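**Student:** Have a look at this one.
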Amino acid sequence: MGKDYLAHSMNAISEVDLLKTHLQLVAKRAADYAGIFGASTEAYLAGLLHDLGKYGDNFQRRLLGELRGIDHWSIGAWVALKRYQALGIASALSIQGHHIGLRRASKDALRNLSPDKLESSLPMGLTLSDPDAEHLLERMGNDDLTLPEQEQIVDSIYNHSDVTKASSMLDIRMLFSTLVDADFIETEAHFKANRPGSRTYREKGLPLNPDLLITHLLEYLDGLSEKSTASSAVREMRSDLLEACLDAAENSPGLFTLTAPTGAGKTLSMLAFAIKHASHNNLNRIIMVIPYLSIIEQTASEYRKALASAVNSEAMERFVLEHHSLAGTRIEGRRDSLKDSEVAQESLYKERLLAENWDAPIIVTTSVQFLESLFSNRPSSCRKLHRMANSMILFDEVQTLPVGLAIPTLATLSHLSNRYFSSIVFSTATQPAFSHLDTHIRKHCACGWKPREIVPESLNLYERARRTEITWPQDANMTVSWRELAVELADESCSQVLCIVNLKRHALSLYRELSDVGAMDVFHLSTNMCPLHRQEVLHEVRTRLEGGKPCRLVSTQCVEAGVDVDFPIVYRALGPLDAVAQAAGRCNRNGLSETGKIKTFIPESMGQKRIYPDDAYRQATGITRILLAKYGSHELDINSSRFFEEYYRELYDIARPEQRKKGLIGSIELRDFEGVAKNYHIIERSAINILVPYDNRRFQELAEEVRDAGLNGRWMMKARPHTIGLFRPRADDSIRSYIEPVPLKEGHYSNEWFLYLFNEHYSPETGLNPPQEMECFIA
């Protein structure tokens, strides 16, 4: 009788996990995941070999606590490569990376997987479990596990000779995802076992069931239209957009754009397209990608309301699943609908499990989460990628995609659609001219970027949505001081007015000037205010607008995208053309006035070094100036698509995205997964979280709790509504003297979470305002 080799130590009920059982279960699960895109055999192979090194005596001794630092994965990667040659590369890289992350697919890196080279070059002081691959395979065979024949892998998911390297790297990540997720699930099932002789699996995600959803959604939209207070013209425009989305949903999967003016009802019309398209093409899930945390919960809430009649209320949190840094803050608001806090925490725990691998029918996530995962090399980030196959993926406000990342991002998304049977929609009121980059994109993905527009030109939506008149500065020297602007805004004719500026310190300066000139009913909005603070300000603003009461709101760009406010007059500091158009979407949004007024202005710089958030914003504002000089203030029209086409073409010609991000492009050329992950960031500068004393009682409770117990996930969820983000301070930034790092465990402190120590620095009107101006403020 042969020896029993173990994959893991004993679980809570004192049962071991046999290696042969673990390998077989992981292989079958990975093959099942990969079946949707035709890579079952490769995934099965990766599953069988991923822990081959655990057959080594060194690893078995490690389970007994006799050894540490054992590499049990590299030998399996070498077997995949040696036995299957080019057909085994994707499996080999997946196996190698399932603990340490994907490495590099260069020929030299692959040759270094051979045991004789590995023993002298293993990272982190690791030791091979056993360098003799044949010895390990013999033990595996004695457990009745058989590797696939080479001819069974007819064609690999990965083509090493493919010159379009961004797309070929996605192929490896997708196979990697199936292996990593299968390994996580099966390992968890062993350690969660609660009955002898069985494994305890997490609850599966719910099915999408789009045929049922579309019926209920359309009923909800009918009711919404009947109750709408918008003008008949606006209601008719929204109805026409919905019909266009439903008609286009019968297309085959692919790339789409949805270009419609602000206020046309894109959010729910896009959902209707997604559900009907999923029904027509048998897609498995819908993934909604949103750039701003400030509107992500609002969107998820809107989806839940729209689908409430189709989905049981207790199942809704698992049906529309949020995955972002604010996920979980709803727990305080929904306890009344659950039996008690223990049930609430159990519900939250299930959500977290499903969010790890996106096992849910509708996912609402951020651009950072989605796109950085798509370019990641880490197991925890990549394990959800296989869920993107055969899915409907919706991107809202796509104009926010950084220009420098556009080409590799579009190439990878195009390949995701073409090879993995997913549909991708880019939605915005100001559609970037990404097709202008098609030639450059084809160098990274053979199918390029040629999306289909969902909204037919014959609907003439932008002309029908013309609810505002815009006034541009007459020339570039026509600047205005904050005091002059404040006097203008304080006038009785501006009793309901929104003014959007480019920087937080500009918003603060204008707010203070308004106070100095005696303006009444003035409000301030920026991300120096924690989410709970911003929500309460917006609630008061909306109440005043609906009640016809005076309301003057000074805001940064955080109000521009997805925030449903409707002012008769909007002032906007000169900025990128798409930002001006987004600001206009907050003016006469529901068509209740004959014409809303937009006034753009150039604020006096007063010798300030920085008058825009970053170089990309400055460059885009420069294009607006060029168009203004070319066409004049009477002709430049934010309701005309031709100006946006020209705006983006000029922007790409000047910004030259094909020449940006050389570190990222260089890593893609080398197929260096670690280098790509290091260089791909939606937000360039890392940020930290600061718990601020907006609600002083709650701040003290949270501060005391974390000082006593240390940082944990439950505390972070409770803290999020009371937290603001700052760029990571430099060593000499004065804010370091105002913050205290949150403890992790005895003697260790977080470098991500901090407590703000001075209550007097947090204003109930304007948020966090330390005595000195901070370079670490996110503009």
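The values are calculated or read from the model by the stated rules, or taken from the named source; none is laboratory data. Since the structure is predicted, the reported quantities are computational estimates derived from the model, not experimental observations. Neighbour counts run over all protein chains shown; Cβ positions are idealised from the backbone, glycine included. For accessibility, only protein heavy atoms count, side chains too; no ligands or nucleic acids. Shrake-Rupley method; radii C 1.70, N 1.55, O 1.52, S 1.80 Å.
**Student:** Take the solvent-accessible surface of the protein heavy atoms, probe 1.4 Å, and return the percent of it on the chain that carbon and sulfur atoms account for.
**Tutor:** Of the solvent-accessible surface of the chain, carbon and sulfur hold 48 percent.
**Student:** More than 18 angstrom separation, counting every C-alpha pair in the stretch 156-284; what % is that?
**Tutor:** Working: 5777 of 8256 pairs.
Counting every Cα pair in the stretch 156-284, those more than 18 Å apart make up 70 percent.
**Student:** List the relative contact order of the stretch 1-158 as a percent without decimals, with contacts defined as Cα pairs under 8 Å and 6+ residues apart. Please report the intermediate quantities before stating the final value.
**Tutor:** On the way: 238 pairs, mean separation 37.8, N = 158.
Relative contact order of the stretch 1-158: 24 percent.
**Student:** Within the stretch 5-132, how many Lys pairs sit with Cα atoms under 24 Å apart, leaving out pairs fewer than 8 places apart on the same chain?
**Tutor:** Final tally of qualifying lysine pairs is 10.
**Student:** Taking P(r) over Cα pairs in 10 Å bins from 0, in percent as the quantity of interest, determine which of (i) 2, 12, 18, 19, 15, 11, 9, 7, 5, 1, 0; (ii) 2, 11, 15, 13, 12, 12, 12, 10, 7, 4, 1, 0; (iii) 2, 12, 21, 25, 21, 11, 5, 2, 0, 0 was computed from the displayed structure.
**Tutor:** Answer by label: (iii).
**Student:** Still on this structure: Near the amide H of Gln496, under 5 Å away, which other amide H atoms are found, from residues 5 or more places off or on another chain, if H is placed in the peptide plane?
**Tutor:** Placed amide hydrogens put Cys551 under 5 Å from Gln496.
**Student:** Given H placed 1.01 Å from N in the peptide plane, which residues other than close sequence neighbours of Glu453 have an amide H under 5 Å from its amide H?
**Tutor:** Close amide H contacts, sequence-distant or interchain: Thr257.
**Student:** Angle between the Cα long axis of helix 531-547 and the longest principal axis of the chain, 0 to 90 degrees, nearest 10?
**Tutor:** That works out to roughly 40 degrees.
**Student:** Under the rule of -39500 (n - 2.57) per DSSP H run of 4 or more residues, summed and divided by the residues of the chain, what mean residue ellipticity at 222 nm is obtained, to the nearest 500 deg cm²/dmol?
**Tutor:** -13500 deg cm²/dmol
**Student:** Long-range amide H contacts for Lys599: which residues qualify at under 5 Å (H placed 1.01 Å from N, peptide plane, sequence gap of 5 or more or a different chain)?
**Tutor:** Result for Lys599 returns Thr471, Val570, Tyr571, Arg572.
**Student:** While we're on this one: Sort 468-478, 71-81, 358-368 by the packing proxy (mean of other Cβ within 10 Å over each peptide's residues), most packed first.
**Tutor:** The most tightly packed comes first, giving 71-81, 358-368, 468-478.
**Student:** Another one. Tell me the relative contact order for the chain as a rounded percent, counting alpha carbon contacts under 8 Å between residues six or more apart.
**Tutor:** Across the chain, relative contact order equals 13 percent.
**Student:** Mean separation of Cα pairs under 8 Å and 6+ residues apart, divided by the residue count of the stretch 574-630: what relative contact order is that in percent?
**Tutor:** 56
**Student:** If you don't mind, there's one more thing I want to ask. Quick one: 3J(HN,Hα) in Hz for the stretch 491-496, Karplus 6.51/-1.76/1.60 with θ = phi - 60°, rounded, Gly and Pro as x.
**Tutor:** 4, 4, 5, 10, 5, 10
**Student:** Let me ask something else about it. Rounding to the nearest 20 debye, state how big the charge dipole of the stretch 40-120 is about its Cα centre with +1 on each Lys and Arg Cβ and -1 on each Asp and Glu Cβ.
**Tutor:** Taking the Cα centre of the stretch 40-120 as origin, the dipole is about 160 debye.
**Student:** Based on the Cβ-Cβ distance of Asp516 and Lys549, what FRET efficiency does E = 1/(1 + (r/R0)^6) give at R0 = 25 Å, to the nearest 0.05?
**Tutor:** So, using R0 = 25 Å, E works out to roughly 0.65.
**Student:** Sum up the lysine pairs in the stretch 522-679 that clear both bars: alpha-carbon distance under 26 Å and a spacing of 8 or more or different chains. If you can, show how the numbers build up before the last one.
**Tutor:** Values: Lys549/Lys597; Lys549/Lys599; Lys597/Lys630; Lys599/Lys609; Lys599/Lys630; Lys609/Lys661; Lys661/Lys678; Lys662/Lys678.
Counting lysine pairs in the stretch 522-679 gives 8.
**Student:** Follow-up. Over the chain, with the other protein chains present, what is the accessible area per residue in square angstrom, probe 1.4 angstrom?
**Tutor:** 42
**Student:** Positive end of the dipole of the chain, charges at C-beta (+1 Lys, Arg; -1 Asp, Glu), about the Cα centre: which of Ile172, His277, His415 has its Cα farthest in that direction?
**Tutor:** Ile172
**Student:** Which value, in debye to the nearest 20, gives the size of the charge dipole of the stretch 543-616 about its Cα centre, when Lys and Arg are +1 and Asp and Glu are -1 at the Cβ?
**Tutor:** Charge dipole, the stretch 543-616, about its Cα centre: 300 debye, nearest 20.
**Student:** How do the peptides 590-597, 145-152, 505-512 rank, highest first, by the average count of neighbouring beta carbon atoms within 10 Å per residue?
**Tutor:** 505-512, 590-597, 145-152
**Student:** With +1 on each Lys and Arg Cβ and -1 on each Asp and Glu Cβ, how big is the dipole of the chain about its Cα centre, in debye rounded to the nearest 20?
**Tutor:** Here the chain has a charge dipole of around 680 debye.
**Student:** Which of the aspartates and glutamates could a cross-linker bridge to Lys192, judged by Cα under 13 Å and excluding same-chain residues fewer than eight apart?
**Tutor:** Glu15, Asp17, Glu203
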